[in-house]
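To start, the structure itself, in structure tokens.
The values are calculated or read from the model by the stated rules, or taken from the named source; none is laboratory data. Every value quoted in this text rests on a predicted model; they were computed, and no experiment measured them. In this analysis, Cβ positions are derived from the backbone assuming ideal geometry, glycine residues included, and neighbour counts consider all displayed protein chains.
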Ligand SMILES: [Zn+2]
């Protein structure tokens, strides 16, 4: 008889929460904990042994028949605890062997989760060559829990922490007992400043929006410039949500500019305003990839990539021509279909058949093109041999695939370059007085409060 206990809730006390950001973990008490986090990677479903029957290999021994040696999987145990060759008979100490007819198999899936707070580490990075990794935790999903989690979503998992030893490494894992989807609800609040502004501007349909765009990002740029871009960014930000919603609307933005520094600043600043804003770094992958699972199963593990981690939010991918041609083709396909397809070779990952997995990409993409640098690359093209250099020519189809293309390189730029430089210098030397007089002060917090997430 096998009794399975399913825990739906734990007391909401600190001692029941396993915080992935805090060390050391308690994995010796063998009791239930709750973790909350985002799914970063997951393997395909494989089999494990739920139970097996062993019989004594000595035919004259009375334990060579009957069900004296039945081994079943217990939470936290590895496959080798159930199936091994060195078990011996307790009566005659002869080796016992498994009776394969009675082996019971179940489904198993390994999921890697990160703490929700770890997303902050992926926001607003401007350097492209940093390699870093944050601590993730492996969660074992067995039987009916397999396939209950989607990559990129946020969950609360109740389970028992265990430590797994493979060769010289000890890995901390969690054997899941129950899984619950978790998301925050709607915008936290509308700030008082915005309510006041709305009351002042209620006479016109446009005045409120115009005032918001005018003042937006005034912490990093003087108000009143790049208004169209700022309005588009605001619109894209209000479309973010933290629900698993396949009908959600996304607003992708592509900006054409002569000044990538300003564009980088404003997009980096804005992407940090939503909980799921990811600044993609070039050394990682934008879209999901497949690699071998590191927990000894050798099965295929799907890694989320920046776009899936930014689920329901925004993925800022930097300068468009900095990406390789094949990635740009993939981006175009994702923008058009809102899904990424990955191929899992059966031969490579120990499966009978090849698999194709299609994952929804529920993210708004932001990017920009530095018109100057792209045109310089085109000029160089004539001076080098064909095939010597990847020129990253951006196709018109890719540009079309973005929902909104904004030209920021018009005359407005030239008129504004002096105030921008002035503003940046004053900020850089930490001048106490404000470099401009804004009609109304808006803080970053005002804008942060306004977006759902
Ligand atoms: Zn025996």
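This table checks each residue for (1) within 30 Å of residue 45 (Cα to Cα); (2) surrounded by fewer than 17 Cβ atoms within 10 Å (Cβ to Cβ); (3) touching a helix residue (DSSP H, G or I) at 6+ places or on another chain (Cβ under 6 Å).
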site: 202; (1), (2), (3): no, yes, no
site: 213; (1), (2), (3): no, no, yes
site: 229; (1), (2), (3): no, no, no
site: 247; (1), (2), (3): yes, yes, no
site: 267; (1), (2), (3): no, no, no
site: 278; (1), (2), (3): yes, no, yes
- request: Output yes when any residue across the stretch 10-22 is within 16 Å of the ligand (Cβ to nearest atom) and either in contact with a strand residue (DSSP E or B) (Cβ under 9 Å, 6 or more places away or on another chain) or part of a loop (DSSP other than H, G, I, E, B) (or both), and no when none is.
  value: no
message: So residue 52 ticks every box in (1) exposed (fewer than 15 other Cβ atoms within 10 Å of the Cβ); (2) more than 16 Å from the ligand (Cβ to nearest atom) but one. Which box is left unticked?
response: (1)
- line: For the stretch 61-84, pairs from a residue that is within 18 Å of residue 109 (Cβ to Cβ) to a residue that is modelled with pLDDT of 85 or more and within 14 Å of the ligand (Cβ to nearest atom), with Cβ under 8 Å and 6 or more apart or across chains, are none
task: Among residues belonging to the stretch 75-116 that are within 16 Å of the ligand (Cβ to nearest atom) and touching a helix residue (DSSP H, G or I) at 6+ places or on another chain (Cβ under 7 Å), point out the one that is farthest from residue 300 (Cα to Cα).
output: 91
- prompt: Conditions: (1) modelled with pLDDT of 85 or more; (2) in a loop (DSSP other than H, G, I, E, B); (3) touching a strand residue (DSSP E or B) at 6+ places or on another chain (Cβ under 6 Å). Residue 76 meets all but one. Number of the miss?
  reply: (1)
task: State yes or no: is residue 58 within 16 Å of the ligand (Cβ to nearest atom), modelled with pLDDT under 90 and loosely packed, with under 13 Cβ neighbours inside 10 Å?
output: no
query: (1) more than 16 Å from the ligand (Cβ to nearest atom); (2) surrounded by 17 or more Cβ atoms within 10 Å (Cβ to Cβ); (3) within 24 Å of residue 143 (Cα to Cα): which one isn't true of residue 7, the others all being true?
result: (2)
